[in-house]
Amino acid sequence: MSTEVLPQLETPVQPIRNLYGLMAEFETQQDLLHACEKTRDEGYKEMDAYTPVPIHGLTDALGWDDNRLQPIVFAGAMAGLVAGFSLMYYITMITYPLNIGGRPNFSWPAYVPPTFETTILFAAFAAVFGMIALNGLPMPYHPVFNNPRFSMASTDRFFLCIEAKDPKFDLDATRRFLDTLHPKEVVEVEN
């Protein structure tokens, strides 16, 4: 009976990659719009486009239908309306009721200008702070800045990034798909 020890084969350990997504670079607005439409039609949901100028129709091409800010602004406006009206009521009816010229204490037409102003003020604050919160700001770091060519997004290049958190994302399949869109370059974006 031999007690020979068989050598163990070492399998190389693959490093765990922290991939943010794949980024494709395009030279024109039309190329980017076409790529975004194709990507949306292919079923990708978690993607973003980066451009040096606003492009009409880009949000539709990306398939974004985000209306989360509207209820926040409406709630802010309603809070301002209630606050303004309540403030005027409190002042004229409770703390400092004056009968001037025989008018009634509860003269609601006089409440309209301050109530309107507080409605607009609260809606504006809700819009600003709601937008900051929904955009995830402040964000001092974003993975797309790891791509050295991304600095051109502020001058003359257009980028489409499909994020790795997308349920349909598969590194090889997504790269093959992006190559069919004829980009100038497709690069991996590390976190």
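A few points about this structure:
- Condition check for Asp41: over 30 Å from Val112 (Cα atoms), acidic (Asp, Glu), touching a residue at least 60 places away in the same chain (Cβ under 8 Å) and assigned to a helix (DSSP H, G or I): no
- Taken over segment 46-78, residues that are touching a strand residue (DSSP E or B) at 6+ places or on another chain (Cβ under 9 Å), among the charged types (D, E, K, R) and in a loop (DSSP other than H, G, I, E, B) amount to 1.
- Filter result (aliphatic (A, V, I, L, M) and either exposed (fewer than 13 other Cβ atoms within 10 Å of the Cβ) or outside the structural domain of Leu32 (by TED's automatic domain parsing) (or both)) within segment 159-189: Ala173
- Count of segment 168-191 residues which are under 18 Å from Glu46 (Cβ atoms), charged (D, E, K, R) and touching a residue at least 24 places away in the same chain (Cβ under 8 Å): 4
- Residue match in segment 134-143 (condition: under 18 Å from Leu22 (Cβ atoms), in a helix (DSSP H, G or I) and under 24 Å from the mean Cα position of the chain (by Cα)): yes
- Screening Leu19 on (1) modelled with pLDDT under 95; (2) among the aliphatic types (A, V, I, L, M); (3) farther than 19 Å from Arg176 by Cα shows it passes everything except condition (3).
- Residue match in segment 108-130 (condition: closer than 30 Å to Met47 by Cβ, free of Cβ contacts under 8 Å to residues at least 60 places away in the same chain and surrounded by fewer than 13 Cβ atoms within 10 Å (Cβ to Cβ)): yes
- Test result for Leu81, of a type in the set (A, V, I, L, M), within 24 Å of Cys161 (Cα to Cα) and surrounded by 14 or more Cβ atoms within 10 Å (Cβ to Cβ): no
- Residue match in segment 93-113 (condition: touching a Gly at 6+ places or on another chain (Cβ under 8 Å), outside the structural domain of Asp31 (by TED's automatic domain parsing) and in a helix (DSSP H, G or I)): yes
The values are calculated or read from the model by the stated rules, or taken from the named source; none is laboratory data. All figures in this text were calculated on a predicted structure; none of them were measured in a lab. Every residue, glycine among them, receives a Cβ derived from its backbone with ideal geometry; neighbour counts consider all protein chains shown.
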